[in-house]
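Bear in mind these aren't lab numbers, they're just calculated from the coordinates by the rules spelled out. Only a predicted model underlies this, so the values are computations on that prediction, with no experimental measurement involved. Cβ atoms come from the backbone with ideal geometry, glycine included; neighbour counts cover every protein chain shown.
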Amino acid sequence: MKITQLSDAFFKRLETMSLNLRSRLDGYFGGKHLVKTYGQTVEFADFREYRLGDDIRRIDWNLYSRFEKYFLRLYTDERQMQVQVFLDMSASMGRVAPGKGEYAVSAAAALGFLAVQNMDRLSMYLMREKSAEDPFGKIVGKNAFFRAISSLEECEFDGDTDLYAAITGCPDTGVNNGLTVIISDFMTDSDWKKAVDYLLYKKRQILLMQVMTPDELDPAYEGRVHLLDAESLDAADPRNMKLRINRNMQRAYAAALRDFLGDIRSFAAKRDVGYLMLNTGESIERALFGELLQGGVMS
C-alpha cells in the first residue's frame, strides 16, 4: 500500500501548522505547548507575592522600589504532550474499499507529523481483533517518524476489530497528558462509545476521525446485488445476503446513514469530543486544512 495522498510539499505546509491541545493538560517537561502552570520559559505570565523558600533570583526589584514589597515574576511553562493515534486495521477500512486504507494512513501520518513537529511523543497503535499493536514504540523526532510511516505502508487491513477491547487494553493510554485520535469508519458492533468514555475518564483530549468512501455515503447500486460483509466473507453468515435494490431500499439506506452519522456527531458533541468525517473522494489536504482548522484542532 503506497501512500500517495501525502507529498513533500504537503509536509512542508504542515511545518507551518501545530496541534491545539488544551492548556489544562499536564504533559511532560521539555515540549512546546504553553500550559496554565508556571515554569521556566522566557514568556512572562504574572506576578505574585514572595513566600518563604521562593527563589530570590525571581524577585522583581523594580516593583520592590515602588511598593516596598517583594514580588516574584512568573513565567509560562511548556510541556511535551503524548499524542496517540489508534488506527482501525479491519477489512472494511481497506481490503474491499479502494483507497480507504491509504486515506486513513495518510490522515494518521499527517497528525503524527504535527505531533513530532511540536516535539510531542507520538504513539501509533494498529488495532486488530481485540488488541492495539505498538510496532513503532514511542516516536520522537522526524527521522523516527518517517521510518515508522515507511513501515506503515506495508501493513494490511484484514479481519475484524473490537475497538473497545483494543483501546481499553492498551497499557499506556496516559492520564491528562495529551491527545488521542481514533481513525475508523466506526462500522462495528463493538462498543466504541464506551472506549471513548474510558479515555475521557483518563482525562484525554479526543478526536474521532471517521473515514467513509463516496460509495458508502451515496451508493449507486440498482437491481440484483450480492452484499458481502467485508469482515465476514462466509456465504452462510447472515450479514451476507442477496438483494434486489429498489428506490425504497435506497431511501431506507439514506435514512439509516443519516441516523448513523448523526448519532456519532451527537455523541461527540455531548462529550466535548472532536469529530471529523473524511470523505475519500476529497483530497486529504482539503479535509485537514479545512475541517481541522475550522474546528480549532489545528492552527
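Over 27 Å between Cα atoms: which of 12/138; 100/142; 12/100; 142/193; 138/203 fall into that group?
142/193
5 Å is the cut-off here: which amide hydrogens, built 1.01 Å from N in the peptide plane, fall below it relative to residue 278, excluding neighbours closer than 5 in sequence?
210, 211, 212
Return the loop-located GluC sites (Glu not before Pro) in segment 112-191 (DSSP other than H, G, I, E, B) with at most 14 other Cβ atoms within 10 Å of their own Cβ; answer none if there are none.
Sparse-neighbourhood loop GluC sites (Glu not before Pro): 153, 154, 156.
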